[in-house]
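Report on one structure; see the data block that follows.
Quick note: the coordinates plus some simple rules give every number you see, no bench work behind them. Note that the structure is a prediction, hence the values are computed from the model and not measured. Ideal geometry is used to build each Cβ from the backbone, glycine not excepted, and the neighbour counts take in all protein chains shown.
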Amino acid sequence: MYIEISYRLRESKEADDVLSLPGVSIKWRSKFGDGKGKSNQTSIIEIFAHHGTHIDAPSHVHEDGLLMSDFNASDFILDKPVFIVCPKGDGEKITAQDLEPFRDELEDADCLLFYTGFSKYRNDRRRYIENSPSFSEDSLEYLLSDFPKIRCLGMDIFSIENIPEGRKSGWAVHKSYLKAREKRFAIEDMKLEPLIGKKFNRVISIPLLLDNEACPATVVAEVNDNCAESEGGN
C-alpha cells in the first residue's frame with residue numbers, strides 16, 4: 001500500500017504575499033467547450049521550481065553543483081528510510097542532540113524524514129515561512145559525518161533552514177547538507193503526518209530530471225500496515 005506524503009499542486013496565478021513567488025499557472029492551448037471545435041485538450045504549465053513539496057539539488061546553492069538531470073531515477077528510490085518525530089515550535093532548531101537517540105536506526109539509513117509538527121501552520125503562510133523551525137548546521141554536519149549513507153533529507157517545514165536567516169547567512173544550512181558534487185538531495189515542505197504510527201520500508205519521489213536546481217515532486221511511502229488506506233493530497 002502506498003500513501004502520498006507530498007502536497008498536490010493547485011492552480012494559483014497570484015504571487016504569494018510573503019515571498020512574492022509565482023504560483024502555478026495552467027494555460028489551455030485547446031479545451032473542450034471553448035468554441036474552437038478541438039478534438040483534444042492540451043495545456044502549458046508554468047510553475048516555480050521550489051513550489052509545494054519539492055526537491056533541492058546541490059546546484060540550488062552551489063554554482064558548480066549537480067543539477068536535477070545529474071541524478072538517475074533510481075536515486076529517488078529509498079529503501080532504508082528512518083522517520084523521526086520531534087516537535088519543534090516557532091524558530092526552534094533541530095540539533096545534533098535531537099538526532100543522537102536515533103543513532104542505531106540511522107546507521108544504515110539512506111533517507112531521513114523529520115516531522116516537527118510545524119506543518120499544522122501551513123495555511124498560515126507568513127508564520128509557516130518566517131517563523132519556521134530549521135536544521136542547525138551542527139545537526140547536518142553530524143548527520144553527514146556519522147551517517148554517510150543518507151542521501152535524502154525530508155521535512156515537514158518550508159525549508160531546511162529558516163528563510164530570513166538563510167538570506168543573511170548565504171544559505172549556510174543548505175550548504176552544510178548539500179555538497180556541490182555529491183548525489184544528495186533535500187525534500188522540503190512534505191506532508192509527513194500520515195506516516196505517524198505507520199510501518200513503512202520504502203520512499204519514492206518522482207521529480208522531473210531537468211537541467212535545473214529543483215523540481216516539485218510527488219512522494220509516496222510504501223507502508224506495511226494492511227489497514228492503511230491510500231490517501232490523496234490537498
Total formal charge among the other residues, if their Cβ is under 13 angstrom from that of Leu66, Lys/Arg +1 and Asp/Glu -1: -3
Cα lying deepest toward the dipole's positive end in the chain, options Phe135, Asn72, Ala180, charges on Cβ: Asn72
Peptides ranked, highest mean first, by Cβ atoms within 10 Å: ranges 192-203, 36-47, 63-74: 192-203, 63-74, 36-47
About the Cα centre, charge dipole magnitude for the chain (Lys/Arg +1, Asp/Glu -1 at Cβ), debye: 980
Under 13 Å, Cβ to Cβ, from Ser43 - net charge with Lys/Arg +1 and Asp/Glu -1: +1
Relative contact order (%) - criterion: Cα under 8 Å, at least six apart; region: the chain: 32
Distance in nm between pseudo-label sites at Ile44 and Ser74 (7 Å out along the Cβ direction from Cα): 3.8
Separation of the Glu193 and Arg103 label points, Cα + 7 Å toward Cβ, nm: 3.4
Rounded Å value of the spacing that divides the Cα centres of the range 14-35 and the range 67-83: 30
Stretchable slack from Leu21 to Lys120, in nm (0.36 nm times residue separation minus alpha-carbon distance): 33.5 nm
Simple Cβ-charge dipole of the range 83-181, Lys/Arg +1 and Asp/Glu -1, about Cα centre, in debye nearest 20: 640
Label-to-label distance, nm, for residues given as Leu67 and Glu130 (7 Å Cα→Cβ offset): 3.7
Peptides 93-103, 212-222 ordered by average Cβ neighbours within 10 Å, highest first: 212-222, 93-103
For the range 92-234, projected area of the alpha-carbon convex hull averaged over all directions, nm²: 9.4
Degrees, to the nearest 10: 137-146 long Cα axis against longest axis of the chain: 70
Amide H contacts of Thr218 (H built 1.01 Å from N, under 5 Å, at least 5 apart or other chain): Ile206
Rounded if a/c under 1.5, otherwise prolate or oblate - the range 68-128, Cα gyration tensor axes: oblate
Burial ordering of Arg151, Arg29, fewest other beta-carbon atoms within 10 Å first: Arg29, Arg151
